[in-house]
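The values are calculated or read from the model by the stated rules, or taken from the named source; none is laboratory data. None of the values given here were measured: they were computed from a predicted structure. Here Cβ is always computed from backbone atoms with ideal geometry, including for glycine, and neighbour counts include all displayed protein chains. Calculation scope for accessible area: heavy atoms of the full protein, side chains included, ligands and nucleic acids excluded. Shrake-Rupley method; radii C 1.70, N 1.55, O 1.52, S 1.80 Å.
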Amino acid sequence: MRYFGLIWAALYRKPVRSFLTLASLFVAFLLFGLLQSVSVAFSEGPDLDGVDRLIIAPKYSIIDQLPLNYSRQILQVKGVEVLSHQTWFGGTFRNGRSFFPRFPIQPETFMDIYPELVLPQDQRQAFINTRTGVIIGRSLAQKFNLKVGDKLPLTATIWENKDKGPWEFDLVGIYDIPGEEVSDAQLFINYNYFDEYRLRGTGLVGKFIVRIDNPDRAAEVALEIDTLFANSSNETKTSTEKAYNQMFANQVGDIGFIMTSILSAVFFTILLLTGNTMAQGIRERIPELAILKTLGFSNVSVLLIVMSESILMVLIGCVPGLFAASAILPGLAVSVSFLAGVEMSAFVFAQGMVLAVLLGLIVGTPPALRALRLNIVDALGEHQ
Amino acid sequence: MDQPLIDVSNVSKTYSRGKMDVPVLQELNIQIEEGDFIALMGPSGSGKTTLLNLIGGLDKPSAGSVTIGGQRIDQLSQGELAKWRSKNVGFVFQFYNLLPVLTALKNVELPLLLTGFSRSERKKRALAALAVVGLADRAGHRPRELSGGQEQRVAIARALVSDPSLLVCDEPTGDLDRATADEILDLLQVLNREYGKTILMVTHDPKAADHASHCVYLDKGQLIQESPK
């Protein structure tokens, strides 16, 4: 701290150069904050992994559907306790500006299989009994200022209804997922109403979910289910919920890779730019550093001063960049639907800070070592 | 007889330039008493600055010993030498060598960053040193806002601030006009006479040397003449 004034003053030596370097760092960390937040949001672990839950999905593509009448045969498989199903609804809400997953489900069995979804008994019953009923997670209700009793219109993107108009739902419940660090940003629709009112695809579901009595038999049960429908026109692929969700995670992992590649390119450029600025700055200040040593500053002190300058410079660019990213993200989420709910977490902020310190260390090391090895007599001799 | 403040004994200094060894000082002996004001003169390349660097602890001899205040500084490590310099020597250079981004006050305060003084104590002492050189009213100015003579005064204040017993000055008036140079030399004289500082000054200027109490002449790395005034 004693040398802080000295370190800080060095940034003012060439104000224009410092400003331009800081501006580049600001943009780099702004990009980091945005892209890394998106990457983290997409690569977050599966929402609800149950060891006793199996997912029965179409074998070849997730956009295929399975006949609802498979459920009778699946329920007869030894070890299957409860069966439910889930279908991707798609659709848009409020002019398509807000994206969140929406699924028609069979309320009773689904909530039996997913006890993590907690909602008051009266709302649970209302969901079961109300054909047009939907429930949403608390975070969504707060975000869109929705309350039980509200009408919830959705415009179809996949499933047109028989009137070829918007779907009108009634919000009958708001659920929580207590004790779990998972997203509750989903909307569940009563399947029976959905199935009756849709224009096509009646009797089809996206996937089945079953709860089994013994997780140790999961592989055996999965094989038995898939064997039931082998060589049919709708073959199935049954896997544990964890494996199924992991498959999705791997797909979005590619997005993470793309983001990481972009960031790597940005930071490599910044590394060269900042490294050059630091090296140039130190080169110009050789006599000043020699004077510090003449006055009695040790080699290590001078090394630390140069290193601190480098880290300080990167941090000054980094912190506003990260704050700007966190300020911009909510606005982006409003205008870009697939970014809905993406926020900059403390984890991403911490990652940015660590990256800044690392960047500062990397770009500061060569000039700091030069300062460390600086010979006073030679340096002053060149200057005189 | 009292031990001299500076005792340079059989000192040789050879620099390596590529494959060639260039001898700069050869078995040189010189003693300087505490409170002396010595002008070190001689033609370019005679070894004046090299001798100054050895006495100021900026460099080490190839052979011989350099004892300052009873301490063999040629045997100190780089770290020990840095600490020794901060406590015992003040430096004044021809081109002032102030840090352009710092105010006069902050420049003078620099050596005190190595002490345990509080921030307010550092400021107080730096202001006092600026007052000694007559620049207390310029404390908030940056070097580019000062004249050459004022910059050199700030450099002298910086050399004084940690109250060293020895000041080494390498051509302190070499970049100044006659009138300003005389002011600086008068100031050095005051520091020598009134504050008891031992001063070793390299100069080419006989008029500057007139301000010293002794002149020492070097040629080809050897002491050729010592002349008391």
- Of B:Ile224, B:Leu114, B:Ile6, which is farthest on the positive side of the dipole of chain B, counting Cα position, with +1 on Lys and Arg Cβ, -1 on Asp and Glu Cβ, and the Cα centre as origin? B:Leu114
- Item | Flagged links, alpha-carbon separation over 28 Å, of B:Lys48/B:Lys106; B:Lys19/B:Lys220; B:Lys83/B:Lys220 | B:Lys48/B:Lys106; B:Lys83/B:Lys220
- Shielding of A:292-305 by partners, i.e. mean partner chain Cβ atoms within 10 Å per residue? 6
- Message: Whole percent per 20 Å bin, from 0 to the bin with the longest distance: what is P(r) over all C-alpha pairs of the protein assembly as shown?
- Response: 16, 31, 17, 16, 15, 4
- Task: Sum -39500 (n - 2.57) across every DSSP H segment of at least 4 residues in chain B, then divide by the residue count to get the 222 nm mean residue ellipticity, nearest 500.
- Result: -9500 deg cm²/dmol
- Query: Out of the DSSP beta bridges found with both residues in chain B, what percent are antiparallel (nearest 5)?
  - Reply: 55
- Item | Cα long-axis angle, helix A:346-373 against chain A (0 to 90 degrees, to the nearest 10) | 20
- Write down, largest first, the equivalent ellipsoid semi-axes of region A:283-379 in whole Å, where each equals the square root of 5 times an eigenvalue of the alpha-carbon gyration tensor. 42, 10, 9
- Once you charge only the Cβ atoms, +1 for Lys and Arg and -1 for Asp and Glu, what is the size of the charge dipole of region A:53-248 about its Cα centre, to the nearest 20 debye? 600
- Query: Taking Rh as the Kirkwood radius, which is the inverse of the mean 1/r over Cα pairs, what is the Rg/Rh value for region B:134-229?
  - Reply: 0.99
- Note on the structure: Neighbours of A:Glu309 by Cβ distance under 14 Å: Lys/Arg at +1, Asp/Glu at -1, summed charge +4
- Whole number in Å², please: accessible area per residue of region A:53-248, 1.4 Å probe, ligands, DNA and RNA not counted. 48
- About the Cα centre of the protein assembly as shown, what is the dipole size in debye to 20, counting +1 per Lys and Arg Cβ and -1 per Asp and Glu Cβ, all else neutral? 880
- Item | 0 to 90° range, to nearest 10: angle between helix A:241-284 axis and chain A longest Cα axis | 10
- Query: Under a straight-distance cross-link criterion of Cα-Cα below 19 Å, which aspartates and glutamates are reachable from B:Lys197, leaving out those fewer than 8 residues away in the same chain?
  - Reply: B:Asp2, B:Asp7, B:Glu33, B:Glu34, B:Asp36, B:Asp163, B:Asp170, B:Glu171, B:Asp182, B:Glu183, B:Asp186, B:Asp210
- Tell me: how much accessible area in total is hidden between A and B, 1.4 Å probe, Å², nearest 100? 2100
- Pull out a ≥ b ≥ c, the square roots of the eigenvalues of the alpha-carbon gyration tensor of region A:181-223, then state rounded if a/c is under 1.5, prolate if not and a/b is larger than b/c, and oblate in the remaining case. oblate
- Task: Have a look at the DSSP beta bridges in region A:53-248 and tell me what percent are antiparallel, nearest 5.
- Result: 75
- Message: Compute, for region A:173-222, the length of the dipole vector about the Cα centre, with Cβ point charges of +1 (Lys, Arg) and -1 (Asp, Glu) only. Units Debye, rounded to 20.
- Response: 380
- Message: Rounding to the nearest 10 and keeping the result within 0 to 90°, find how far the Cα-based axis of helix B:119-132 lies from the longest principal axis of chain B.
- Response: 70
- Give the whole-number value, in cubic angstrom per residue, of the convex hull volume spanned by the C-alpha atoms of region A:53-248. 125
- Within 10 Å of each Cβ of B:93-103, how many other protein chain Cβ atoms are there on average? 5
- Note on the structure: Counting only protein heavy atoms with a 1.4 Å probe and every protein chain in place, the carbon and sulfur fraction of the accessible surface of the protein assembly as shown in whole percent equals 55
- Query: What accessible area per residue comes out for region B:100-229, rounded to a whole number of Å², with a 1.4 Å probe?
  - Reply: 43
- Counting other Cβ atoms within 10 Å, which trypsin sites (Lys or Arg not before Pro) in region A:188-246 have at most 13 and lie in a DSSP loop? A:Arg200
- Lysine pairs in region A:53-248 8 or more apart or on different chains: how many have alpha carbons under 30 angstrom apart? 22
- Task: Scan around B:Leu223 for amide H atoms under 5 Å from its own, H built in the peptide plane at 1.01 Å from N, and keep only partners 5 or more places away or cross-chain.
- Result: B:Asn29
- Query: If you take the charge dipole of the protein assembly as shown about its Cα centre, with +1 on Lys and Arg Cβ and -1 on Asp and Glu Cβ, which of A:Met307, A:Ile258, A:Gly317 is farthest toward its positive end?
  - Reply: A:Gly317
- In square nanometres and to one decimal, what's the mean projected area of the convex hull around the Cα atoms of chain B? 13.1
- Query: For chain A, what proportion of DSSP beta bridges, expressed in % and rounded to the nearest 5, is antiparallel?
  - Reply: 75
